[in-house]
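Working notes, beginning with the structure itself.
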Amino acid sequence: MRNALTFLGVVSLTALFTAGCAGPEQKLGRGIGNTFEIARMGELRRSVEQTAVLDSPDAGYTTGFIRGVDRSVARAGIGIYEIVTFPLPPYHPVCTRYLAPEPVYPDNYTPGLVSDPMFDTDTYVGFSGGDVMPLVPNSRFHVFDN
């Protein structure tokens with residue numbers, strides 16, 4: 001039993017170190033982003049919007065909401081799967097027929113960069129453009145947008 005655990009540990013470390021950086025790094029980042037989909041509510045907002053536009057406004061608030069919850073839970077589940085299996089191949093996105101590999105936003109709003117000194121060009125002045133709170137729904141207030 002002791003030899004089996006040692007062998008399993010050596011094989012796991014060998015797989016981790018020989019896998020390369022780019023694949024596991026992208027898979028882990030994608031998994032973390034997908035796991036926090038429930039807090040971001042991008043799939044929920046997009047499903048409500050698309051159902052209201054394509055079907056009817058009444059269906060947007062009922063069917064669109066249920067569809068958005070379903071897609072958010074599916075994206076979070078895929079994110080947890082990608083976090084658990086990030087050192088193991090394959091490194092490409094999974095379930096791309098049902099969900100887009102990258103996070104989605106409603107068509108009427110795509111957030112930009114956060115307004116902070118890391119991304120601003122006028123750091124010596126103390127203010128510049130950018131979104132103030134891009135992850136909060138309906139916070140489309142821009143400070144000095146060009």
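The values are calculated or read from the model by the stated rules, or taken from the named source; none is laboratory data. No experiment lies behind these values; they were computed from the predicted model shown. For neighbour counting, all protein chains shown are included, and Cβ atoms are generated from backbone atoms with ideal geometry for every residue, glycine included.
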Query raised in the report: Just one of T51, T85 is modelled with pLDDT of 90 or more, under 16 Å from Y105 (Cβ atoms) and touching a Lys or Arg at 6+ places or on another chain (Cβ under 8 Å); which is it?
Result: T51
Report summary line: With the first residue restricted to segment 56-85 and required to be loosely packed, with under 15 Cβ neighbours inside 10 Å, and the second required to be of a type in the set (A, V, I, L, M, F, W, C), Cβ contacts under 7 Å at 6 or more apart or on different chains are Y61/V48
Query raised in the report: Can you name the residue in segment 10-47 that is of a type outside the set (A, V, I, L, M, F, W, C) and at pLDDT below 80 and, of all such residues, is nearest to P111 (Cα to Cα)?
Result: G20
